[in-house]
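Q: Okay, handing you the structure first.
Just so it is clear, none of the values below were taken in a lab; they were calculated from the coordinates. All of these numbers come straight from a predicted model, not from anything done at the bench. With ideal geometry, Cβ positions are generated from the backbone for all residues, glycine too; neighbour counts draw on all protein chains shown.
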Amino acid sequence: MNDRPGVAAILSELRRELKRQDIRVATLAERLDVAEPTVWRWLRGEGLSLHRLDQICGVAGLELRDLIGRSRGPEQDAFTLAQERILAADRGLALAFFAILHGAQKRDLEEQFGLIGKRLEQCLARLERMDLLDVSHSGRLRARTRKAVRWRSGGPMAIAFEKTVKRFFVAMDFGAPESRYISDMVRLSSAGRARVHALFEALREDIQLICEQDQAASMDDYAWSAVLMLVRPLDLEAITNEWRATDTAQGGQADITPA
């Protein structure tokens, strides 16, 4: 192979997948019965034949056709308005998409999310038509967006989140042993809150990395986990209304009992 942009993109995607699966050069060398320096050269595109590329894909459980499909261009980083409207109108479809986005395959959707038979096939076919999903010849599912895909502020997905998803977060038992959270009250300007939100974005990428490392470690206690990061101004009037109302009723005299 040479250094054409298309080839470079394929090799970049291959290296990314090998890293994600924690497949080392030493492992490839052993499986392919070649020296490690040879593998290093191949991963740089030097002297790499299609046959050898296909063999490396095989070690990673990939099809060459699927690898090429992944490397066609940058992943979509935001939903189109049409995509948002469809996902917002069908909670099952949206759940299937976000599960696939974070690594779920058909078996996961069947066993963990209860999407089976015709319902599952309809979901997958619709996501493909929406240009949100690639299905390889082996049946492997891959979302066509970045994991940190964005939706519009005040748009269909934001409204759907407000109506449906938010209540699941609010209803959670924050005191349960498996609930891990932090809470704070600070004084921030609008610019300060924007900076905190930028930290959330960076932290989300770190969380994705932890997820990939977790999967590579083959742990036995996986559970789909909810993560919500939020910063917003407090409604102090609502928070302090209880004693403000009492003070007003008593003519402005606060009932303060000495310690």
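Q: Please identify the trypsin sites (Lys or Arg not before Pro) of the stretch 129-176 that satisfy two criteria: DSSP loop assignment and at most 16 other Cβ atoms within 10 Å. Which are they?
A: Arg140, Arg152
Q: Looking at the chain, do any whole DSSP H helices span at least 24 angstrom along their long axis by alpha carbon and average -1.0 or above on Kyte-Doolittle, and which?
A: Correct list, ordered by number: 190-216.
Q: For the chain, what relative contact order do you get, as a whole percent, if you take Cα pairs closer than 8 Å and at least 6 residues apart? Don't skip to the answer; put the middle values down first.
A: Working: 172 pairs, mean separation 42.4, N = 259.
Across the chain, relative contact order equals 16 percent.
Q: Follow-up question, since we're still on this one. Of Ala217, Phe79, Ala158, which is farthest towards the positive pole of the chain's charge dipole, taken about the Cα centre with +1 and -1 on the beta-carbons of Lys, Arg and Asp, Glu respectively?
A: Among Ala217, Phe79, Ala158, the one farthest towards the positive end of the dipole of the chain is Phe79.
Q: For the stretch 172-241, give the magnitude of the charge dipole about the Cα centre (Cβ charges: +1 Lys/Arg, -1 Asp/Glu; no others), in debye to the nearest 20.
A: Computed about the Cα centre, the dipole is about 500 debye.
Q: Considering amide H positions built from the backbone, and no H for Pro or chain starts, which residues 5 or more places from Arg150, or on another chain, come under 5 Å of its amide H?
A: Ala78, Phe79
Q: Is the shape of the stretch 12-87 best called rounded, prolate or oblate, per the rule: a/c under 1.5 gives rounded, else a/b larger than b/c gives prolate, else oblate, with a ≥ b ≥ c the square roots of the Cα gyration tensor eigenvalues?
A: prolate
Q: If you don't mind, another one. Near Lys106, which lysines are there with a Cα under 17 Å away, not counting those fewer than 8 places off in the same chain?
A: Once the sequence-local lysines are set aside, what remains near Lys106 is Lys118.
Q: Here is a further query. Could you size up the charge dipole of the chain around its Cα centre, putting +1 on the beta carbon of Lys and Arg and -1 on that of Asp and Glu, and report it in debye to the nearest 20?
A: Using only the charged Cβ atoms, the result is roughly 920 debye.
Q: Might you report the magnitude of the Cβ-based charge dipole of the stretch 76-148 about its Cα centre, with Lys and Arg at +1 and Asp and Glu at -1, to the nearest 20 debye?
A: Its charge dipole is roughly 40 debye.
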